[in-house]
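What follows is a set of notes on a single structure, which appears directly below.
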Amino acid sequence: MTERAIELLALPDDNIPKLLLDIGCGSGLSGEVITEMGHNWIGVDISEAMLIAVDDREVDGDVVLKDMGDGLPFRAGTFDGAISISAIQWLCHANTREQSPQKRLLHFFQSLYACMSRGTRAVFQFYPETVSQTELITTQATKAGFTGGVVIDFPNSAKAKKVYLVLMVGGIQQLPKALTEEEEVDQVLSIGRRSRKNDKRDRRKLLKRSREWIEAKKDRARKHGKDVCASSKYTGRKRRRFT
């Protein structure tokens, strides 16, 4: 989901590391992906325990303890993009009588809009409980000055369906297309991850179960510390079946 969110940011391919904001960063899992893709990041989370876990795991990136409903504490134009995985929907709930979801969402989006550079995007992956919840979030984002809309990947799949709110700062831009085929997910997951030296990867769409697709999948597994069997000359070849 993080790879997809970063893809939806449509960052310029200029080999210059960007500064991204990770909203609801948790223990830094999304931050690791941002780092792997050659960018810098700052994370915000309401849970002190989660931010301690970031330090314990020695993940690159700075973190800030903050309730996003209280607004973001950053200077104007700080970020080149922002992502959020499974966090924004929590602002739709009031934890106390004094809290107003409408006001907290508006305050959050206003502060986010202020700290984003012009022409950039913020992408939120979230799990709306109802249609009215989605409307509440998008309405408050629009009031704060954002343009954009909702992108739904695999709308007809109960398991693969993912909802993304793509917000844009300054000017009207075309919304990205939603994913509808399994092969496109494989392409997104293996799309040009960069090392810290900003190495470029081949951005071709990989054919599922081809040798290149298998090698890319193994490479991702190795980066996560998993044991992966070595490739051979038979890797990616179709196997004969004897009956």
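Here, each number is a calculation from the coordinates, and none is a lab measurement. This is a predicted model, so every value here is computed, not measured. A quick note on method: Cβ atoms are made from the backbone with ideal geometry, for glycine too, and the neighbour counts reach across all protein chains shown.
With a point put 7 Å past each Cα toward its Cβ, work out how far ALA160 is from ILE52 in nm, to one decimal.
Each label point is offset 7 Å from its Cα along the Cβ direction, giving 4.1 nm.
Given N residues in segment 136-177, what is Rg(Cα) / (2.2 N^0.38 Å)? Numbers along the way, then the final one.
Numbers: Rg = 11.9 Å, N = 42, 2.2 N^0.38 = 9.1 Å.
Working it through for segment 136-177, the quotient is 1.30.
To the nearest 20 Debye, how big is the dipole of segment 42-161 about its Cα centre, given +1 on the beta carbon of each Lys and Arg and -1 on that of each Asp and Glu?
Numbers: 11 positive and 14 negative charges, 125 e Å.
With Lys and Arg at +1 and Asp and Glu at -1, about 600 debye.
Amide H to amide H under 5 Å from GLY43: which residues, 5+ apart in sequence or cross-chain, H placed 1.01 Å off N in plane?
Residues meeting the amide H criterion: ASP22, ASP62, VAL63, VAL64.
Step through the table entries LYS66/LYS217; LYS162/LYS217; LYS161/LYS217, compare each Cα-Cα distance with 31 Å, and write down the pairs that go over it.
Details: LYS66/LYS217 36 Å; LYS162/LYS217 21 Å; LYS161/LYS217 21 Å.
Where the Cα-Cα span goes over 31 Å, the pairs concerned are LYS66/LYS217.
Quick check: pseudo-label points 7 Å beyond the Cα along Cα→Cβ at THR147 and LEU175, how many nm apart are they?
Here the modelled spin labels are 1.4 nm apart.
Across the Cα atoms of segment 12-149, what radius of gyration and what greatest pairwise Cα-Cα distance (Dmax) are found, in Å?
Over segment 12-149's Cα set, Rg and Dmax evaluate to 14.7, 48 Å.
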